[in-house]
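Comments concern the structure below.
None of the figures in this text is laboratory data; all of them are computed from the coordinates on show. Because the structure is predicted, anything quoted here is derived from the model rather than measured. Ideal geometry is used to build each Cβ from the backbone, glycine not excepted, and the neighbour counts take in all protein chains shown.
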Amino acid sequence: MSDVKTAMGAAQFEGIAKVEALPATGMITIRGTFSDAGFGKAVCAAAGVEALPGVRETRLTGGKGLLWMSPDELLLICAYSAADRTAHQLAEALKGQHALVANVSDARSLFQVQGRNAREIIAKLAPVDMAPSAFGPGMVRRSRLAQVPAAIWMTDSSTVQIMCFRSVSEYVYGLLTTSAELGGEVGYY
Amino acid sequence: MSTRLVSGGRLIDRTKPITFRFNGKRLKGHAGDTLASALLASDQMLVGRSFKYHRPRGIVASGAEEPNALVGLGEGARFEPNQRATTTELFEGLTAQSQNHWPSLDFDIGAVNTHFARFLTAGFYYKMFIHPRPLWKHVYEPFIRQSAGLGKAPDAETKDSDRYEHFYAFTDVLVIGGGVAGLQAALAAGRSGAKVMLIEQTAHLGGRAPVDGGTIDGQEPGAWVDQTLAALNAMPNVTIRARTMGAGIYDHGYVLGYERVADERPGTDGPRHRLWKIRAGRVITATGAIERPISFAGNDIPGVMLAGAVRDYVVNYGVSVGDRTVVVTNNDDAYRTAIVLAKAGLSVPCIIDARPLGGGALMEEAKALGIRVETGRGIAKVLGGKRVTGVVLCNMVGEGALVEEIACEAVAMSGGWSPVVHLWSHCGGKLTWDADQAAFRPDATRAPIGADGQANVLAAGAANGFGRLQNVLQDADVAGKMAAHALGFDAPKDAPPMGEDAAVKPLMPVWLMPQSAHYGLRMKAWLDYQNDVKVSDVQLAAREGYESVEHTKRYTTLGMATDQGKLSNINGLAILSDALGEPIPQVGTTTFRPPYTPISMGAIAGEARGEIFQPLRRTPMHGWHEAHGAEWEPVGHWRRPYCFPKAGEDKHAAVAREINATRQSIGMLDASTLGKIIVKGPDAGKFLDMLYTNMMSTLAPGKCRYGLMCNENGFLSDDGVVARIDEDTFLCHTTTGGADRIHAHMEDWLQCEWWDWKVYTANVTEQFAQIAVVGPNARKVLEKLGGMDVSKEALPFMTWADGTLGGIKARVYRISFSGELSYEIAVPANQGLALWEALIDAGAEFGITPYGTEALHVMRAEKGFIMIGDETDGTVIPQDLGLGWAISKKKADYLGKRAQERTHMTDPNRWQLVGLETVDGSVLPDGALAYASGKNANGQRNTQGRVTSTYHSPTLGRGIAMGLVLNGPDRMGEVLHFTNTEGEPIAAKIVSPVFYDPEGEKQNV
């Protein structure tokens, strides 16, 4: 695995919030029928969670779990090294059902924005209500950051994680660091 | 002269002096001043020249409606033209230049225009510059461009040194305007429990009330404002932002707010402007009202100001516009100005009230202060040039005969107040004419409608047509409660605060002063200061047949300047209505469009500048390409290497070298940008049979097949190689630009039409780095890397296999877009660079050569392979391209099949794909047309074909091209002549499009 090279490496920036590129992470796209008991059981087992997340929700524990992506799509998060094996095992478990499992760990990049102003950094870029009353840990939004698609979720009240396509990693990092530059506090939340 | 009074000025801090420069002159002001108040405090009455006649112009207003006091602000990278002095907060070191004059503000050559005013009437340009025609381009247009525009554009070589950003906010109730109405509306909505945001364009909350007086709940309005602000600030559900203007209201409660974060402290950290993108459940426009000027001769001479503004300068900034101020009015409010001036110890020689009987309680108060009041009178004309020296008093009725000359330094005029209905109107709110106030106000029965079918914008206070304090507060209270209630919040049943102010007598509409002013006066009576439109211009337009207010606006340019007619609109259309003999409501208003006042281009761009102007997509090997001197070609948002020139090599030579190396030994291409879409499910084969023109369901696992995709109209839309992974799973390659589009196309059909088919798709384009290894030595290099069998037997042409190469998990496709022995290797993106570098190392002994998109294009053209976007342009069907072999005859249906059976599609005269070889070996121009005999109905030369791809082939040492030609395949060997913009037509022979290895022996080894 020594040859694994993520798009942004260990880039980080400290402004009115801390912006950092996260290391390679296992990400598996799963499509299927959520209401099918067999589907839910197999997916939950693979993700190590009790139940599927509800609409626009996450179920994450210790860097592993599921994100709701659409009414028939989930994203399983796990260790990068476990992604191939997990995807293969899940595909086996779902055999005979109509479902799709694809390892997309390399297709995406993850970033983290942390600190008191983390919500504001996102609100400068995404048409998402980042107010604590509307959005917090346990929720996910599929939206955009400026001109590119992104998914956004919070792991605690001051930490936002962002997923984007790998090819636009530098752009997204540029968006986040520009928005986190000193003096940019909005004071809205 | 205008000057600073020894006391007063509630907004300035006299302990904090500020130095600034105006036209190079060092001047002093105080913290809290606007540039306008500081200029007036320094007796700078003359601040600019008018647009057309270069008339001397002074400050007219004290806020966003100011038409005259526009300056070039800042220097170098921070220079900005057309900044309003009245809304520019003063800061240490501010530099400003006046505009539209040469050589200087005081002595301006262009002022000679004023003597030609008789000729520079409405429509002058249209009438004057139409004949003779050729003069337009070479004489008139350059001249007009030179004289057009007020400010200077910033130097094209400088870059704005400031930062800008956007911010998305969501709220239940948005209140626009922080006067007493806005504050009360916010309070009422906030107490209901709704989430409230209040934005105010100036730096101060409270609006006009602290200047205009009266009492609220028995207190001075200023004290009530402080108390209410404290209450609002204590509410966690209420946000207040000063210096934030409501710029525009759009559909579904979407509002743009323009925050001037750091205009008054340039150079500090942080953004200069922030554009708020606010989504609100309900919007309350508490945007106040704007005072109207009165149209009398010389109403543009510096020193003639709005009465409210004169009052503002005294009360807010401790600035007197002149020792002696004549007040001229048609309403009671202007008396407040006279009273304020008298109480400040200044002289008011006369209040000229156009109403025969004058006003009410305020008139009595003024009289009690010893001020002379002349009722039923008007101003015939203002005396003075660069500043006011006096006025000529006349009877309101009549043509303006002199009654008396009154000496003064300033004139405070008030033609009544117009509600600021701009934001209300942006998204469809309609207006109603209020004859009592002679103003348009919002019609609540025809409000902008939100997604719930209910009114989602509510006007409040003065913006809703209310003038008295009590009515303003009550209206705002109701608006706040209604807005919250509509969103499901229970409004408290408390009463609004009690407002008390003087009772007023009705105003009398005055659109021209005196009533029957003669022409000489009318052509000096300004309506639009900024665009130099006078009463006589609008009357002329009416005489010339302009009936629509929108047409008159454009013909006379009334209201078309940067102030968008905030002062001139109502006065202008009243003159028009009078000239047309139609009532004002029938004539109507022009359209109010966002933004309310101009906002900076930087704020609109937000963060999108420099490196993050646009997303740039990079493959995992992008950095390597960059380090190795790639010339880039944009393909969608991707950057792909066009070629890799070596030192001293031009692009043409680099492309030739790359092709020769590939054909003779081995080349490699970064093909990561190709779309890769997984299609899986029991119905996947059936689905792909519908999407592609050929049969995909019969493809065996482990094999690859080239396919074409058409849209419903039969036109070729995309192409690529499909690999069958297993019984249920296919991997579809698309073109680079087609990945997202084709994925969306698939989902569209699956979600909207064939929703019951069991198929899932996933776009995995970016999961894989894909490298094409191409050329006779390709196999040797892969064998050197080792890990899997890539022999002809194990991995024949048009098959794929999983394995490892050089220790990296890989999927290898035996496909070729060059006609050579070729492998496309897909590996996880994070290991793409590792594989690329391993191939460079392993291939070194064979001279492995990275090649770019141009070599790819030339090599595919040598093989006669089509390229989506070159051979296709949205009007081409596969049958045009000799691709009939890829169209299944067995299938009952596929997307585009029925369309391809229409007569026009089956017409044998459709142009067909052929190869083209120039007779002299040169390269045909791209897009060149083949001449045919005769001319068409438009007198144009007939054509019989066109070039779709054209290159120099280093392999063949000559120009090659593909093109669509009438009956082309039946005309092999015939010579056509092609258009050539550079010289003589070029002769080219029709040949087979496959120039290289027609038997395909080289790729199948």
message = What is the angle, in °, between the Cα long axis of helix B:853-862 and the longest principal axis of the Cα atoms in chain B? Nearest 10 is fine, range 0 to 90.
response = 50
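Considering only chain B, what is the antiparallel percent among its DSSP beta bridges, to the nearest 5?
On the way: 132 of 177 bridges.
Here the share of antiparallel DSSP bridges comes out near 75 percent.
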ask   = For the range B:224-246 and the range A:1-66, what is the separation of their C-alpha centers, rounded to whole Å?
value = 41
Of B:Asn23, A:Ala47, B:Met1, farthest towards positive along the dipole that unit charges on Lys, Arg, Asp, Glu beta carbons give the protein assembly as shown = B:Met1
query = Helix B:307-317 versus the longest principal axis of chain B: what is the Cα-based angle in degrees, 0 to 90, to the nearest 10?
reply = 90
note = Taking every other residue with Cβ under 13 Å from the Cβ of B:Met798 and scoring Lys and Arg +1, Asp and Glu -1, one gets +4
message = Applying a 10 Å radius around every beta-carbon, put B:18-30, B:596-608, B:747-759 in order of their mean neighbour count, most first.
response = B:596-608, B:18-30, B:747-759
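Please compute, for peptide B:607-618, the average count of beta-carbon atoms on other protein chains lying within 10 Å of each residue's beta-carbon.
Details: counts 11, 4, 1, 2, 6, 12, 3, 4, 13, 5, 8, 7.
Taking all residues of B:607-618 together, the mean is 6.
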request  = Could you point to the residue in B:Thr765, B:Phe687, B:Val722 farthest towards the positive end of the range B:675-766's charge dipole, with +1 and -1 charges on the Cβ of Lys/Arg and Asp/Glu respectively?
outcome  = B:Val722
message = Quick check: the distance between the Cα centres of the range B:587-615 and the range B:631-704, to the nearest angstrom?
response = 40
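For a Förster distance of 30 Å, can you work out the FRET efficiency between the beta-carbons of B:Thr591 and B:Asn471, rounded to the nearest 0.05? Before the final figure, lay out the partial values.
Numbers: r = 28 Å, r/R0 = 0.95.
The calculated FRET efficiency here is 0.60.
To make sure I understand, if each residue's beta carbon is the centre and we count other beta carbons within 10 Å, what order do A:Val104, B:Val635, B:Val457, B:Val774 fall in, fewest to most? Write out the running numbers ahead of the final one.
Working: A:Val104 23, B:Val635 16, B:Val457 28, B:Val774 31.
Fewest-to-most ranking of A:Val104, B:Val635, B:Val457, B:Val774: B:Val635, A:Val104, B:Val457, B:Val774.
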task = Determine the relative contact order of chain B: mean sequence separation of Cα pairs under 8 Å and six or more apart, normalised by residue count, in whole percent.
result = 9
ask   = Among A:Cys44, A:Cys164, B:Cys643, B:Cys704, which comes first, second and so on when ranked by fewest other beta-carbon atoms within 10 Å?
value = A:Cys44, B:Cys704, A:Cys164, B:Cys643
task = Taking a cut-off of 18 Å between Cα atoms, list the lysines near B:Lys680, but don't count ones fewer than 8 places away on the same chain.
result = A:Lys95, B:Lys703, B:Lys758
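Given Cα pairs under 8 Å that are at least 6 residues apart, what percent is the relative contact order of chain A? Don't skip to the end; give the middle numbers.
Details: 384 pairs, mean separation 47.8, N = 189.
Worked out over chain A, it gives 25 percent.
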message = For the pair B:Glu550/B:His518, report the inter-label distance in nm, with labels modelled 7 Å from Cα in the Cβ direction.
response = 4.0
request  = Could you tell me which trypsin sites (Lys or Arg not before Pro) in the range B:133-225 are loop residues by DSSP with no more than 13 other beta carbons within 10 angstrom of their beta carbon?
outcome  = B:Lys152, B:Lys159
task = Mind checking B:674-684 for the average number of partner chain beta-carbons within 10 Å of each residue's beta-carbon?
result = 2
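Please state the charge dipole magnitude for the range A:1-95, taken about the Cα centre, from unit charges on C-beta atoms (+1 on K and R, -1 on D and E), reported in debye and rounded to the nearest 20. Write out the running numbers ahead of the final one.
Numbers: 9 positive and 10 negative charges, 18 e Å.
Dipole about the Cα centre, nearest 20: 80 debye.
Report relative contact order for the range B:277-384 in percent, whole number only (criteria: Cα-Cα under 8 Å, sequence separation at least 6). Mind dumping the intermediate values first?
Working: 144 pairs, mean separation 28.3, N = 108.
Across the range B:277-384, relative contact order equals 26 percent.
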key: Between 0 and 90°, nearest 10: helix B:221-233 axis offset from chain B longest Cα axis   = 30
inquiry  = If packing is taken as the average number of other Cβ atoms within 10 Å across a peptide's residues, how do A:97-103, B:212-218, B:83-89 rank, most packed first?
reply    = B:83-89, A:97-103, B:212-218
remark   = Expected vector for the range B:480-488, Karplus 3J(HN,Hα) from phi with 6.51, -1.76, 1.60 and θ = phi - 60°, integer Hz, x for Gly and Pro, equals x, 5, 5, 4, 5, 4, 4, 9, x
remark   = Counting other chain Cβ atoms within 10 Å of each Cβ in A:171-177 and taking the mean gives 4
task = Report the trypsin sites (Lys or Arg not before Pro) located in the range A:91-189 that are in a DSSP loop and have at most 16 other Cβ atoms inside 10 Å of their Cβ, or state none.
result = A:Lys95, A:Arg116
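Determine the gain in length on full extension of the stretch B:Glu753-B:Thr268; use 0.36 nm per residue of separation and subtract their C-alpha separation, reporting nm with one decimal. Don't skip to the end; give the middle numbers.
Working: separation 485, 0.36 × 485 = 174.60 nm, distance 5.62 nm.
Result for the pair: 169.0 nm of gain on full extension.
Just rank B:Lys566, B:Lys277, B:Lys935, fewest to most, by other beta-carbon atoms within 10 angstrom. It would help to have the intermediate numbers written out before the result.
Numbers: B:Lys566 24, B:Lys277 17, B:Lys935 10.
Ascending Cβ contact count within 10 Å gives the list B:Lys935, B:Lys277, B:Lys566.
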request  = Would you calculate a helix-derived [θ] at 222 nm for chain A, using -39,500 (n - 2.57) for each DSSP H run of n ≥ 4 and dividing by the full residue count, to the nearest 500?
outcome  = -6000 deg cm²/dmol
message = So for each of B:491-503, B:620-632 I average, over its residues, the number of other beta carbons within 10 Å; can you give me the resulting order with the highest mean first?
response = B:620-632, B:491-503
key: DSSP-assigned coil residues among chymotrypsin sites (Phe, Trp or Tyr not before Pro) in the range A:49-126, each with at most 14 further Cβ atoms within 10 Å   = none
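Could you tell me which of rounded, prolate or oblate describes the range B:449-497, using a ≥ b ≥ c as the square roots of the eigenvalues of the alpha-carbon gyration tensor, with rounded for a/c under 1.5 and, failing that, prolate when a/b is larger than b/c and oblate otherwise?
Working: a/c = 5.19, a/b = 1.37, b/c = 3.81.
Taking the square roots of the gyration eigenvalues as a ≥ b ≥ c, the range B:449-497 is oblate.
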task = Between the alpha-carbon centers of the range B:765-794 and the range B:489-552, tell me the distance in whole angstrom.
result = 80
